[in-house]
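Taking it in order: structure first as structure tokens, then the write-up.
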Amino acid sequence: MPIMTSHIPKIEVLSGPERRRRWSTAEKLAIVQETYEPDVTVSIVARRHGIQPNQLFAWRKLAAQGALTATASQEEVVPASEYRALQNQVKELQRLPRQKDDGRRNPQGSA
């Protein structure tokens with residue numbers, strides 16, 4: 001009878017009140033990168049790392065939007081609600097009619 005070898009997943013025991021595994025940005029990016037290798041599926045990579053495929057798809061979406069690289073490069077992150085509010089302000093300002101320069105202001109700041 002042939003002996004079948006199987007991949008035994010690594011088990012991580014979380015101690016204390018923390019019940020969720022915290023992945024660093026670098027770890028997320030590395031895992032997402034694995035999904036783009038030839039002949040690899042998201043399900044295989046997710047199973048390999050002990051996460052759900054839908055979580056990995058969410059990370060892929062964030063990576064495609066640049067959200068993971070922004071936090072990885074230590075750039076300032078703005079909440080989505082604040083970003084939308086600022087976008088709306090810009091749209092409102094763009095709708096305003098432009099005022100003609102009547103020559104009273106000097107753009108260089110000198111009188």
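How many residues are assigned to a helix (DSSP H, G or I) and of a type outside the set (S, T, N, Q) when one looks only at the stretch 29-43? Total satisfying the criteria: 6. When the residues of the stretch 31-89 are filtered to those that are among the small types (Gly, Ala, Ser) and within 19 Å of Arg20 (Cα to Cα), the one that is modelled with the lowest pLDDT is Gly50. Looking at (1) within 15 Å of the chain's Cα centre (by Cα); (2) modelled with pLDDT under 85, find the lone condition where Arg104 falls short. Unmet condition: (1).
The values are calculated or read from the model by the stated rules, or taken from the named source; none is laboratory data. The structure displayed is predicted, hence computed values, not measured ones.
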